[in-house]
Amino acid sequence: MKPIYNRIITGLTVAALLTAVALVMFYPAEKKDYTIAVIGKSSDTGIEFWTAVNKGIELAAEEQGVHVTIDAPLYESDVAGQIALTDEVIARKPDGVIFIPTDEDALIESAKKMKAARIPYVCLDSDVNLDDGHVLIATDNFAAGQKAGKTLHALTGGQGKIIVAAHSEISSTGRQRISGFFDGYGTGASALPVVYSDSVPENAYNGVYQLLTEHPDVTGIVGLNEPSTVGAVNAARDLGLLENIHVVGFDSSFTEIKYLESGAVSAVVSQEPFNMGYLSLTAICDILDDKKVKGNILTNTRVITRENMYDEENQKFLFMFME
(Lines give C-alpha, C1' and ligand atoms only; values in the text may rest on other atoms or scores of the structure.)
Protein backbone atom coordinates (compact mmCIF):
# COMPACT_ATOMS: atom_id res chain seq x y z
CA MET A 1 0.00 0.00 0.00
CA LYS A 2 1.01 3.60 -0.48
CA PRO A 3 2.61 5.42 2.51
CA ILE A 4 0.47 7.78 4.57
CA TYR A 5 -0.06 11.20 3.05
CA ASN A 6 2.31 13.82 4.35
CA ARG A 7 1.04 17.26 3.48
CA ILE A 8 -2.18 19.18 2.98
CA ILE A 9 -2.93 21.91 0.47
CA THR A 10 -5.68 24.23 1.67
CA GLY A 11 -6.56 25.34 -1.86
CA LEU A 12 -6.38 28.38 -4.06
CA THR A 13 -8.65 31.34 -3.45
CA VAL A 14 -10.94 32.60 -6.15
CA ALA A 15 -8.99 35.87 -6.17
CA ALA A 16 -5.73 34.02 -6.77
CA LEU A 17 -7.26 32.07 -9.62
CA LEU A 18 -8.59 35.23 -11.22
CA THR A 19 -5.11 36.72 -10.95
CA ALA A 20 -3.72 33.61 -12.60
CA VAL A 21 -6.11 34.01 -15.52
CA ALA A 22 -5.05 37.64 -15.91
CA LEU A 23 -1.40 36.67 -15.96
CA VAL A 24 -2.06 34.06 -18.63
CA MET A 25 -3.81 36.68 -20.76
CA PHE A 26 -1.09 39.30 -20.52
CA TYR A 27 1.99 37.11 -20.11
CA PRO A 28 1.58 34.04 -22.33
CA ALA A 29 3.43 30.95 -21.13
CA GLU A 30 6.55 29.77 -22.83
CA LYS A 31 5.67 26.65 -24.82
CA LYS A 32 7.27 23.51 -23.43
CA ASP A 33 6.20 21.11 -26.21
CA TYR A 34 4.87 18.66 -23.62
CA THR A 35 1.79 16.58 -24.33
CA ILE A 36 -0.01 15.49 -21.17
CA ALA A 37 -2.65 12.78 -21.40
CA VAL A 38 -5.45 12.65 -18.84
CA ILE A 39 -6.95 9.19 -18.31
CA GLY A 40 -10.19 9.90 -16.50
CA LYS A 41 -12.90 7.86 -14.81
CA SER A 42 -15.96 9.22 -16.60
CA SER A 43 -16.78 11.46 -19.54
CA ASP A 44 -20.34 11.97 -18.27
CA THR A 45 -20.80 15.74 -18.50
CA GLY A 46 -23.65 15.53 -16.02
CA ILE A 47 -21.19 15.02 -13.15
CA GLU A 48 -20.07 18.52 -12.20
CA PHE A 49 -17.14 17.23 -10.13
CA TRP A 50 -15.30 16.00 -13.25
CA THR A 51 -16.18 19.18 -15.14
CA ALA A 52 -14.46 21.19 -12.40
CA VAL A 53 -11.43 18.87 -12.38
CA ASN A 54 -11.03 19.31 -16.14
CA LYS A 55 -11.34 23.10 -15.84
CA GLY A 56 -8.48 23.14 -13.35
CA ILE A 57 -6.32 21.00 -15.61
CA GLU A 58 -7.05 23.22 -18.61
CA LEU A 59 -6.18 26.45 -16.79
CA ALA A 60 -2.89 25.01 -15.51
CA ALA A 61 -2.09 23.71 -19.02
CA GLU A 62 -2.62 27.19 -20.43
CA GLU A 63 -0.34 28.66 -17.80
CA GLN A 64 2.33 26.02 -18.40
CA GLY A 65 2.08 26.23 -22.19
CA VAL A 66 1.50 22.50 -22.68
CA HIS A 67 -0.94 20.46 -24.75
CA VAL A 68 -3.50 18.30 -22.94
CA THR A 69 -5.74 15.46 -24.11
CA ILE A 70 -8.58 14.27 -21.86
CA ASP A 71 -10.12 10.82 -22.40
CA ALA A 72 -12.32 8.64 -20.23
CA PRO A 73 -14.91 5.88 -20.45
CA LEU A 74 -18.50 7.09 -20.23
CA TYR A 75 -19.13 5.37 -16.90
CA GLU A 76 -16.92 4.99 -13.85
CA SER A 77 -17.89 1.32 -13.66
CA ASP A 78 -16.19 0.57 -16.99
CA VAL A 79 -12.90 -0.74 -15.60
CA ALA A 80 -12.13 -2.76 -18.73
CA GLY A 81 -12.72 0.32 -20.84
CA GLN A 82 -10.25 2.33 -18.79
CA ILE A 83 -7.64 -0.43 -19.04
CA ALA A 84 -8.04 -0.45 -22.83
CA LEU A 85 -7.89 3.36 -22.92
CA THR A 86 -4.64 3.30 -20.92
CA ASP A 87 -3.10 0.96 -23.51
CA GLU A 88 -4.15 3.37 -26.27
CA VAL A 89 -2.63 6.34 -24.43
CA ILE A 90 0.66 4.51 -23.85
CA ALA A 91 0.82 3.74 -27.58
CA ARG A 92 0.53 7.49 -28.30
CA LYS A 93 3.64 8.07 -26.14
CA PRO A 94 2.67 11.27 -24.31
CA ASP A 95 5.29 13.02 -22.21
CA GLY A 96 3.30 12.48 -19.03
CA VAL A 97 -0.03 11.19 -17.74
CA ILE A 98 -2.58 12.34 -15.19
CA PHE A 99 -4.11 9.05 -14.10
CA ILE A 100 -7.52 8.70 -12.37
CA PRO A 101 -7.86 4.95 -11.79
CA THR A 102 -11.34 3.48 -11.40
CA ASP A 103 -10.07 0.40 -9.53
CA GLU A 104 -6.99 0.64 -7.33
CA ASP A 105 -6.09 -3.02 -7.91
CA ALA A 106 -7.24 -3.73 -11.48
CA LEU A 107 -5.25 -0.77 -12.84
CA ILE A 108 -1.94 -1.84 -11.26
CA GLU A 109 -0.72 -3.48 -14.47
CA SER A 110 -1.67 -0.36 -16.46
CA ALA A 111 0.45 1.76 -14.12
CA LYS A 112 3.34 -0.68 -14.49
CA LYS A 113 3.07 -0.42 -18.28
CA MET A 114 3.42 3.36 -18.06
CA LYS A 115 6.51 2.98 -15.91
CA ALA A 116 7.96 0.43 -18.34
CA ALA A 117 7.33 2.86 -21.21
CA ARG A 118 9.10 5.58 -19.17
CA ILE A 119 5.99 7.75 -19.09
CA PRO A 120 5.77 9.51 -15.71
CA TYR A 121 2.34 9.78 -14.17
CA VAL A 122 0.59 11.33 -11.20
CA CYS A 123 -2.64 9.99 -9.75
CA LEU A 124 -5.54 12.38 -9.34
CA ASP A 125 -8.49 11.88 -6.97
CA SER A 126 -8.08 8.08 -6.76
CA ASP A 127 -4.94 6.06 -6.19
CA VAL A 128 -3.51 2.87 -7.65
CA ASN A 129 -2.31 0.25 -5.16
CA LEU A 130 1.32 0.39 -6.28
CA ASP A 131 4.20 1.75 -4.21
CA ASP A 132 6.41 2.95 -7.07
CA GLY A 133 7.02 6.49 -5.87
CA HIS A 134 4.25 8.17 -7.90
CA VAL A 135 2.55 11.30 -6.57
CA LEU A 136 -1.13 11.46 -5.58
CA ILE A 137 -3.20 14.65 -5.63
CA ALA A 138 -6.49 14.00 -3.84
CA THR A 139 -8.87 14.68 -1.03
CA ASP A 140 -7.99 12.97 2.24
CA ASN A 141 -10.94 10.65 1.69
CA PHE A 142 -10.79 8.86 5.04
CA ALA A 143 -10.86 12.19 6.89
CA ALA A 144 -13.65 13.45 4.61
CA GLY A 145 -15.66 10.31 5.36
CA GLN A 146 -15.08 10.91 9.07
CA LYS A 147 -16.51 14.41 8.71
CA ALA A 148 -19.61 13.00 7.04
CA GLY A 149 -19.99 10.37 9.77
CA LYS A 150 -19.62 12.83 12.65
CA THR A 151 -22.05 15.23 10.99
CA LEU A 152 -24.74 12.58 10.47
CA HIS A 153 -24.26 11.24 14.00
CA ALA A 154 -24.84 14.74 15.40
CA LEU A 155 -28.03 15.04 13.36
CA THR A 156 -29.49 11.63 14.25
CA GLY A 157 -28.14 11.44 17.78
CA GLY A 158 -26.82 8.03 16.81
CA GLN A 159 -30.36 6.68 16.88
CA GLY A 160 -32.17 4.59 14.30
CA LYS A 161 -31.13 2.99 11.03
CA ILE A 162 -28.86 4.63 8.47
CA ILE A 163 -28.21 4.10 4.78
CA VAL A 164 -24.82 4.56 3.13
CA ALA A 165 -24.99 5.32 -0.60
CA ALA A 166 -21.44 5.05 -1.98
CA HIS A 167 -20.08 5.45 -5.47
CA SER A 168 -17.65 2.51 -5.54
CA GLU A 169 -16.39 -0.50 -3.66
CA ILE A 170 -13.29 -0.89 -5.89
CA SER A 171 -11.76 2.60 -5.95
CA SER A 172 -9.55 4.00 -3.22
CA THR A 173 -11.92 6.96 -2.78
CA GLY A 174 -14.95 4.72 -2.25
CA ARG A 175 -13.25 2.41 0.21
CA GLN A 176 -11.65 5.19 2.22
CA ARG A 177 -14.83 7.28 2.47
CA ILE A 178 -16.90 4.31 3.65
CA SER A 179 -14.28 3.37 6.23
CA GLY A 180 -13.93 6.97 7.38
CA PHE A 181 -17.71 7.39 7.61
CA PHE A 182 -18.20 4.45 9.96
CA ASP A 183 -15.22 5.58 12.03
CA GLY A 184 -16.71 9.05 12.33
CA TYR A 185 -20.26 7.85 13.01
CA GLY A 186 -18.99 5.61 15.78
CA THR A 187 -20.21 2.42 17.32
CA GLY A 188 -23.88 1.66 17.58
CA ALA A 189 -24.69 2.52 13.98
CA SER A 190 -27.52 0.33 12.73
CA ALA A 191 -26.43 0.40 9.12
CA LEU A 192 -28.30 -1.29 6.30
CA PRO A 193 -26.38 -2.86 3.36
CA VAL A 194 -24.31 -0.29 1.48
CA VAL A 195 -25.83 0.89 -1.80
CA TYR A 196 -23.23 1.19 -4.58
CA SER A 197 -24.20 3.60 -7.35
CA ASP A 198 -21.18 3.41 -9.70
CA SER A 199 -21.70 7.20 -9.85
CA VAL A 200 -25.06 6.80 -11.61
CA PRO A 201 -27.91 8.64 -9.81
CA GLU A 202 -30.48 6.10 -10.99
CA ASN A 203 -28.53 3.28 -9.34
CA ALA A 204 -28.45 5.15 -6.03
CA TYR A 205 -32.14 5.97 -6.40
CA ASN A 206 -33.14 2.33 -6.98
CA GLY A 207 -31.01 0.95 -4.16
CA VAL A 208 -32.08 3.54 -1.59
CA TYR A 209 -35.72 3.35 -2.70
CA GLN A 210 -35.72 -0.41 -2.10
CA LEU A 211 -34.16 -0.11 1.36
CA LEU A 212 -36.53 2.67 2.40
CA THR A 213 -39.51 0.62 1.24
CA GLU A 214 -38.35 -2.20 3.51
CA HIS A 215 -37.18 0.09 6.35
CA PRO A 216 -39.29 3.28 6.49
CA ASP A 217 -37.87 3.99 9.99
CA VAL A 218 -34.48 5.09 8.60
CA THR A 219 -33.27 8.26 10.32
CA GLY A 220 -30.17 9.13 8.29
CA ILE A 221 -28.67 8.77 4.84
CA VAL A 222 -25.17 9.63 3.65
CA GLY A 223 -24.31 10.01 -0.03
CA LEU A 224 -20.58 9.68 -0.56
CA ASN A 225 -20.41 11.50 -3.90
CA GLU A 226 -22.58 13.78 -6.03
CA PRO A 227 -24.61 11.16 -8.00
CA SER A 228 -25.12 9.00 -4.90
CA THR A 229 -26.40 11.99 -2.94
CA VAL A 230 -28.80 13.13 -5.65
CA GLY A 231 -30.23 9.65 -6.20
CA ALA A 232 -30.69 9.07 -2.46
CA VAL A 233 -32.49 12.37 -1.91
CA ASN A 234 -34.83 11.76 -4.82
CA ALA A 235 -35.72 8.29 -3.52
CA ALA A 236 -36.56 9.56 -0.03
CA ARG A 237 -38.56 12.44 -1.52
CA ASP A 238 -40.61 10.22 -3.82
CA LEU A 239 -41.51 7.95 -0.89
CA GLY A 240 -42.60 10.95 1.18
CA LEU A 241 -39.98 10.18 3.85
CA LEU A 242 -37.59 13.07 3.35
CA GLU A 243 -38.98 15.18 6.20
CA ASN A 244 -38.15 12.38 8.65
CA ILE A 245 -34.61 11.71 7.40
CA HIS A 246 -31.37 13.65 7.78
CA VAL A 247 -29.24 13.51 4.63
CA VAL A 248 -25.52 14.32 4.49
CA GLY A 249 -24.07 14.55 1.00
CA PHE A 250 -20.73 14.88 -0.77
CA ASP A 251 -19.61 17.52 -3.28
CA SER A 252 -21.38 20.73 -4.23
CA SER A 253 -23.19 20.49 -7.55
CA PHE A 254 -25.87 23.05 -8.35
CA THR A 255 -28.51 20.42 -7.58
CA GLU A 256 -26.99 19.78 -4.16
CA ILE A 257 -26.83 23.51 -3.44
CA LYS A 258 -30.56 23.70 -4.16
CA TYR A 259 -31.12 20.76 -1.82
CA LEU A 260 -29.17 22.59 0.89
CA GLU A 261 -31.22 25.74 0.42
CA SER A 262 -34.50 23.82 0.61
CA GLY A 263 -33.44 21.69 3.58
CA ALA A 264 -33.64 18.41 1.64
CA VAL A 265 -29.95 17.95 2.49
CA SER A 266 -28.75 18.89 5.96
CA ALA A 267 -25.06 19.18 5.08
CA VAL A 268 -22.52 18.39 2.37
CA VAL A 269 -18.82 17.60 2.56
CA SER A 270 -17.47 19.83 -0.18
CA GLN A 271 -14.20 19.07 -1.97
CA GLU A 272 -11.86 21.11 -4.19
CA PRO A 273 -12.02 19.43 -7.61
CA PHE A 274 -10.82 22.49 -9.52
CA ASN A 275 -7.73 22.71 -7.34
CA MET A 276 -7.06 18.98 -7.68
CA GLY A 277 -7.05 19.32 -11.46
CA TYR A 278 -4.87 22.44 -11.36
CA LEU A 279 -2.33 20.94 -8.97
CA SER A 280 -2.10 17.63 -10.85
CA LEU A 281 -1.14 19.33 -14.13
CA THR A 282 1.37 21.51 -12.29
CA ALA A 283 2.86 18.45 -10.57
CA ILE A 284 3.37 16.42 -13.77
CA CYS A 285 5.00 19.43 -15.45
CA ASP A 286 7.33 19.83 -12.45
CA ILE A 287 8.30 16.18 -12.76
CA LEU A 288 9.01 16.61 -16.49
CA ASP A 289 11.08 19.70 -15.67
CA ASP A 290 13.14 17.59 -13.22
CA LYS A 291 11.80 19.50 -10.25
CA LYS A 292 11.31 17.62 -7.01
CA VAL A 293 7.68 16.98 -6.10
CA LYS A 294 7.73 15.94 -2.46
CA GLY A 295 5.16 13.49 -1.21
CA ASN A 296 1.45 13.42 -1.87
CA ILE A 297 -0.75 16.50 -1.99
CA LEU A 298 -4.05 16.56 -0.14
CA THR A 299 -6.66 19.19 -0.92
CA ASN A 300 -9.10 20.45 1.67
CA THR A 301 -12.71 19.58 2.48
CA ARG A 302 -15.32 21.51 4.39
CA VAL A 303 -18.67 20.62 5.98
CA ILE A 304 -21.26 23.06 4.68
CA THR A 305 -24.75 23.37 6.12
CA ARG A 306 -27.81 25.44 5.32
CA GLU A 307 -26.83 27.73 8.20
CA ASN A 308 -23.27 28.46 7.07
CA MET A 309 -23.55 28.10 3.29
CA TYR A 310 -23.57 31.86 2.74
CA ASP A 311 -20.35 32.48 4.68
CA GLU A 312 -17.70 33.94 2.37
CA GLU A 313 -15.24 31.07 2.78
CA ASN A 314 -17.93 28.46 2.17
CA GLN A 315 -19.08 30.24 -0.98
CA LYS A 316 -15.62 29.56 -2.45
CA PHE A 317 -16.23 25.85 -1.95
CA LEU A 318 -19.81 25.79 -3.18
CA PHE A 319 -19.35 27.84 -6.33
CA MET A 320 -16.46 26.29 -8.18
CA PHE A 321 -14.27 28.44 -10.42
CA MET A 322 -15.76 27.76 -13.82
CA GLU A 323 -16.91 29.79 -16.78
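The values are calculated or read from the model by the stated rules, or taken from the named source; none is laboratory data. Since the model is a prediction, treat every value here as computed from it, not as a measurement. Quick reminder, even Gly has a Cβ in these numbers, built from the backbone with ideal geometry, and neighbours come from all protein chains shown. These accessible areas exclude ligands, DNA and RNA; they are computed on the full protein's heavy atoms, side chains included. Shrake-Rupley method; radii C 1.70, N 1.55, O 1.52, S 1.80 Å.
If you take the beta carbon distance between LEU241 and LYS112 as r and set R0 to 56 Å, what does 1/(1 + (r/R0)^6) give as a FRET efficiency, to the nearest 0.05? Numbers along the way, then the final one.
Working: r = 48 Å, r/R0 = 0.85.
After rounding, the FRET efficiency stands at 0.75.
Relative to the present Cα-Cα distance, how much length would full extension add between ALA154 and LYS32 at 0.36 nm per residue of separation? Don't skip to the answer; put the middle values down first.
Values: separation 122, 0.36 × 122 = 43.92 nm, distance 5.11 nm.
Length difference between fully extended and current span is 38.8 nm.
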#### Entry: Descending Cα extents along the principal axes, region 22-169, whole Å
58, 41, 30
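Within region 57-153, list the trypsin sites (Lys or Arg not before Pro) lying in a DSSP loop whose Cβ has at most 16 other Cβ atoms in a 10 Å radius. It would help to have the intermediate numbers written out before the result.
Numbers: sites: ARG92, LYS112, LYS113, LYS115, ARG118, LYS147, LYS150; in loops: ARG118.
Here the trypsin sites (Lys or Arg not before Pro) that fit, given the DSSP loop and packing criteria, are ARG118.
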#### Entry: Of GLY263, ILE245, THR305, farthest towards positive along the dipole that unit charges on Lys, Arg, Asp, Glu beta carbons give region 214-323
THR305
### Task
Could you size up the charge dipole of region 147-237 around its Cα centre, putting +1 on the beta carbon of Lys and Arg and -1 on that of Asp and Glu, and report it in debye to the nearest 20?
280
### Query
Taking the alpha-carbon set of region 191-305, what are its Rg and Dmax in Å?
17.6, 58
### Task
Would you mind checking the pairs LYS32/LYS55; LYS41/LYS115; LYS291/LYS316 and listing those with alpha carbons more than 22 angstrom apart?
LYS291/LYS316
### Query
For q = 0.10, 0.12, 0.13 Å⁻¹, what log10 I(q)/I(0) does the chain give under the Debye formula with an equal point scatterer on each alpha carbon and no solvent?
-0.55, -0.79, -0.92
### Query
Of PRO94, PRO273, PRO227, which is the most mobile in a GNM of the chain whose springs link Cα atoms less than 10 angstrom apart?
PRO94
#### Entry: Convex hull volume per residue for region 226-270, taking Cα atoms only, in Å³
55
### Query
Can you tell which of ASP198, ASP87, ASP71 shows the greatest fluctuation in a Gaussian network model of the chain with Cα springs below 10 Å?
ASP87
### Task
At 1.4 Å probe size, with every protein chain present, just tell me what the per residue accessible area of the chain comes to in Å².
43
### Message
Using only the Cα atoms of region 147-186, what are the Rg and Dmax in Å?
### Response
10.4, 31
### Task
Please state the charge dipole magnitude for the chain, taken about the Cα centre, from unit charges on C-beta atoms (+1 on K and R, -1 on D and E), reported in debye and rounded to the nearest 20.
660
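Return the ratio Rg/(2.2 N^0.38 Å) for region 254-296, where Rg is computed over Cα atoms only.
1.87
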### Message
Report D for region 138-234 in µm² per second (integer): Stokes-Einstein, Kirkwood Rh on Cα pairs, 20 °C, 1.002 mPa s.
### Response
166
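Determine the percent antiparallel among the DSSP beta bridges restricted to the chain, to the nearest 5.
Values: 4 of 39 bridges.
Within the chain, antiparallel bridges account for around 10 percent of the total.
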#### Entry: Whole-number D in µm² s⁻¹ for region 204-254, Kirkwood Cα-pair radius fed into Stokes-Einstein, 20 °C, 1.002 mPa s
202
### Message
Under 10 Å, Cα contacts only: if you run a Gaussian network model on the chain, which one of TYR205, TYR310, TYR278 comes out with the highest mean-square fluctuation?
### Response
TYR310
### Query
Taking all protein chains as present, what is the carbon and sulfur share of the accessible area of the chain, in % to the nearest whole number, probe 1.4 Å?
52
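Of the DSSP beta bridges with both residues in region 123-229, give the percent that are antiparallel, rounding to the nearest 5.
0
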### Query
Residue farthest toward the positive end of the dipole of region 254-323, with Cβ of Lys/Arg at +1 and Asp/Glu at -1: which of LEU279, GLY295, PHE317?
GLY295
### Task
Please compute the Cα-Cα pair-distance distribution of region 58-100 with 5 Å bins starting at 0, giving whole percents from short to long.
5, 19, 28, 20, 17, 9, 2
